[in-house]
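The values are calculated or read from the model by the stated rules, or taken from the named source; none is laboratory data. All figures in this text were calculated on a predicted structure; none of them were measured in a lab. Heads up, the Cβs are rebuilt from the backbone with ideal geometry, glycines too, and the neighbour counts pull from every protein chain shown. Ligands, DNA and RNA are stripped out before the accessible areas are found, and what is left, the full protein with its side chains, is counted by its heavy atoms. Shrake-Rupley method; radii C 1.70, N 1.55, O 1.52, S 1.80 Å.
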Amino acid sequence: MIKSIFAVDHWGGMGLNGSLPWHHSEDLQYFKEQTQGHIVVMGRRTWDDPKMPKPLPGRTTYVVTSRPLFGYGVNTLRGDITAGIKKIADENPNKHVWIIGGPQLLLDTRDLVDEAHITHFKGQYRTDVQIDLRKYLLLFQARSAAPSTDKKCNWMIYKNVDIFRPLP
């Protein structure tokens, strides 16, 4: 199954100065619980986040980049990204493939995504990276929601309901 997981503020803000614009340990724990033991796919700028461990422990990591990554023990994807992600999913039927960002990769692959796990932070943060959340969620339907214990964010799961989406 192909899924996405990312966090946004009220206006779709998701990054500042190459990292997250917030630090929320409960959300980081949620991310870890969902992706642990599975496969994560990210863009090069997400990979370059100075606060992110490289590679993410306990996960198989793929980075979408045309530049080589030496000494990290990660896989790279280039060319037809959607075909590459489908192949990864087909070759790993017992694992989820999580697309974790950035915004362009999320938008480019949203038709592949069966479920989107989105953390919605309350309010507006200072950001320099945004995603058009309305566009991303156009063919998704909310299925569940849960608040964080401090009520600063909500975790929501959306299901892709596009009836014209090609079957795997």
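A few remarks follow.
- Rounded, prolate or oblate (a/c below 1.5 giving rounded, otherwise prolate when a/b exceeds b/c) for the stretch 28-116 by Cα gyration tensor: rounded
- Fraction of alpha-carbon pairs over 21 Å apart in the stretch 79-168 - percent: 39 percent
- Summing charges over all other residues whose Cβ lies under 15 Å from the Cβ of Ile39, with Lys and Arg as +1 and Asp and Glu as -1, gives +2.
- For Leu20, the solvent-accessible surface with a 1.4 Å probe is about 70 Å², rounded to the nearest 10.
- The stretch 1-63 - Rg over Rh from alpha carbon coordinates, Kirkwood radius: 0.93
- Area accessible to solvent at Val161, 1.4 Å probe radius, in Å²: 60 Å²
- In plain terms, the C-alpha convex hull of the chain casts an average shadow of 9.6 nm² when viewed from every direction.
- Note on Lys95: accessible area approximately 70 square angstrom, rounded to 10, probe 1.4 Å, nucleic acids and ligands left out.
- Per residue, the accessible area of the stretch 29-168 comes to 59 Å², computed with a 1.4 Å probe over protein heavy atoms only.
- Diffusion of the stretch 50-98 by Stokes-Einstein, at 37 °C in a medium of 0.692 mPa s and with Rh set to the Kirkwood radius over alpha-carbon pairs, works out to 274 µm²/s.
- To put it simply, the accessible area of the chain at a 1.4 Å probe is 53 percent carbon and sulfur.
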